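> Structure below; questions to follow.
The values are calculated or read from the model by the stated rules, or taken from the named source; none is laboratory data. Remember, predicted model here, so these are calculated numbers, not experimental data. Cβ atoms come from the backbone with ideal geometry, glycine included; neighbour counts cover every protein chain shown. In case anyone asks, the SASA skips ligands and DNA or RNA and just uses the protein heavy atoms, side chains included. Shrake-Rupley method; radii C 1.70, N 1.55, O 1.52, S 1.80 Å.
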Amino acid sequence: MTDPNPPAAVRVLAAGSAGCVADLVTFPLDTAKVRLQIQGEGRTAVQGQTVKYRGVFGTIVTIVRTEGPRSLYNGLVAGLQRQMTFASVRIGLYDSMKQLYAGGSENAGLGTRLLAGCTTGAMAVAFAQPTDVVKVRFQAQIRLLESGTVKRYGSTTQAYRTIVRDEGLRGLWKGALPNIIRNAIVNCSELVTYDVIKELILKNNLMTDNMPCHFTAAFSAGLCTTVVASPVDVVKTRYMNSVPGQYGGALNCAATMLIKEGPTAFYKGFMPSFLRLLSWNIVMFVSYEQFKRAFQRIQQSWS
């Protein structure tokens, strides 16, 4: 029999592993989202009429046809590195932080859950920001090829070195502020929604604590997160992928988007964001619950 509240180490390892599984399954959707989010950036209105990517699956088909299927997984290594540092902190430490803010009480209020989500989201960015910058740059690389320049980076290791050499250590934390804001929003909407929905399902005896329950809570979390977090996600992607001096900061990036492309620019790539976050949440949370139980059984057998 496994403890419903396993140790923090078990939750951290389970969250990182589940995040990697979810990334492996949904990475093509993430690449499509990034390409749609940066499409039209830096073009005039006339140039902007030529649209290369149309819709989620149209974008995926275009990438496969023009660059090969491997391009859908550009930046995967950095993505997996990101999940092992990022998901493990923001998801694995959420329950611990919730109990800390609740003074050890099992009945945490909504405000306590939101505060816990904001805290672990910000902590995760502090650890994982460099991996996020490299992942986004890899996924967006084709835009540079279209302009006749060579690839920015040939490998993940080279990307880290090149960014530090050309932009300094600060380059690896580029876009940290919008990423902290985004992940505070994502963590609150994702983890708190999952937490609350799962608790309501179990409290009202609608389902038992099994896969259908986890699936339903994860579906709700994915839908809520996409609607709330998309605008900040687009700004984060644009700013991380920008060349030095292109924007004066994250707020300048947002203002430039609003002036040049209008408010709809903040929801560019919404459908792949929705499909990706929805599928990512379902795979991640279902995997997380299974990993948590498996790792706890292993730990108990060792002890």
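> If I go through the range 243-252 residue by residue, how many of them are without any contact (Cβ under 8 Å) to a residue 40 or more places away in the chain, assigned to a helix (DSSP H, G or I) and either open to solvent by less than 20 Å² (accessible area, probe 1.4 Å) or within 22 Å of I163 (Cβ to Cβ) (or both)?
The number of residues fulfilling the criteria is 1.
> Taking the range 66-95 only, how many residues are assigned to a helix (DSSP H, G or I) and open to solvent by 40 Å² or more (accessible area, probe 1.4 Å)?
Within the range 66-95, residues that are assigned to a helix (DSSP H, G or I) and open to solvent by 40 Å² or more (accessible area, probe 1.4 Å) number 10.
> Does the range 190-231 hold any residues that are within 20 Å of N107 (Cβ to Cβ), not in a helix (DSSP H, G or I) and not polar (S, T, N, Q), and which are they?
Here is the first cut: in the range 190-231, the residues within 20 Å of N107 (Cβ to Cβ) are 191-206, 209, 213, 217.
Keeping just the survivors that are not in a helix (DSSP H, G or I) gives 204-206, 209.
Once the filter is applied, which keeps residues that are within 20 Å of N107 (Cβ to Cβ), not in a helix (DSSP H, G or I) and not polar (S, T, N, Q), the range 190-231 yields L206, D209.
> Provide a single number: the residues in the range 255-298 that are out of contact with any helix residue (DSSP H, G or I) (no Cβ under 6 Å at 6 or more places or on another chain) and either assigned to a helix (DSSP H, G or I) or buried (at least 21 other Cβ atoms within 10 Å of the Cβ) (or both). I'd like the intermediate steps shown before the answer.
Filtering the range 255-298 down to residues out of contact with any helix residue (DSSP H, G or I) (no Cβ under 6 Å at 6 or more places or on another chain) leaves 255-256, 258-264, 290, 293-294, 297-298.
Now restrict to residues that are either assigned to a helix (DSSP H, G or I) or buried (at least 21 other Cβ atoms within 10 Å of the Cβ) (or both): 255-256, 258-261, 263-264, 290, 293-294, 297-298.
Total meeting the criteria: 13.
> (1) assigned to a helix (DSSP H, G or I); (2) touching a helix residue (DSSP H, G or I) at 6+ places or on another chain (Cβ under 7 Å); (3) surrounded by fewer than 20 Cβ atoms within 10 Å (Cβ to Cβ): which one isn't true of M240, the others all being true?
Failing condition for M240: (3).
> Could you count how many residues in the range 273-287 are modelled with pLDDT of 90 or more and either in contact with a His (Cβ under 6 Å, 6 or more places away or on another chain) or over 14 Å from E190 (Cα atoms) (or both)?
Qualifying residue count for the region: 3.
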